[in-house]
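One structure is given here, and the rest of the page talks about it.
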Amino acid sequence: MKAPAEVIMTRRDGNGKILSQRKFKNVTTTVLRSELIQKMIQDDAASQELGKVKYGVVGSDATPETESDTTLGNETHRVAISDTEQTGPMLEITLVFSGAWTGTIYEVGVVGGVGATATKDTGSLYLRSAIPAGETKQTVDESISFVWTVNLADA
């Protein structure tokens, strides 16, 4: 399964005004493909968590993404998934990072599965995108959102 996806990142000020917007490629990891296959053949309580998206993560490692990635290079912040929406074969996943932190983000991903908690570096990394040249959250009033659009029909 090589589900094509794109990620749109939007940085907004405290009043919601768009400060910047960029689009990136995405990599669907081999971990996600493996967990989805396990989910299809297992019928127990643990398999219900396989392939389930739970958290968005950002980090400071500028290494390009690969299908074999299992974690971000250096996870710095984690938030619960803001929204998911499925329309036919299209899946949209939304993350919003806000609050009292500033810094530059060079990588973003989606994690989930059996071991995913609010604790850094837990769970399975399903989607990862590198952010060329990074994106800086300059003030605590700013927010940065990421929206993945995955077309499962092309998987």
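Non-local amide H neighbours of Thr76 (under 5 Å, H modeled in plane, Pro and chain starts lacking H): which ones?
Those qualifying (amide H under 5 Å, at least 5 residues apart or on another chain) are Val58, Gly59, Ser60.
Which of the peptides 107-115, 130-138, 17-25, 55-63 is most tightly packed, and how do the rest follow, judged by the mean count of other Cβ atoms within 10 Å per residue?
107-115, 55-63, 130-138, 17-25
Return Trp101, Trp148 ranked ascending by Cβ neighbour count within 10 Å, so the fewest neighbours appear first. List each step's numbers first, then the result.
Details: Trp101 10, Trp148 25.
Result, fewest neighbours first: Trp101, Trp148.
Taking the Cα centre of each part, how many Å lie between segment 86-155 and segment 62-79?
10
Anything over 20 Å Cα to Cα? Flag those among Lys52/Lys120; Lys17/Lys120; Lys54/Lys137; Lys23/Lys52, in the order listed.
On the way: Lys52/Lys120 17 Å; Lys17/Lys120 30 Å; Lys54/Lys137 23 Å; Lys23/Lys52 24 Å.
In this structure, Lys17/Lys120; Lys54/Lys137; Lys23/Lys52 lie more than 20 Å apart at Cα.
Rule-based calculations on the coordinates, nothing more; no lab input. Just so we're clear, the structure is a prediction, and the values are computed from it rather than from any experiment. Every residue, glycine as well, gets a Cβ built from its backbone with ideal geometry; the counts of neighbours run over all protein chains shown.
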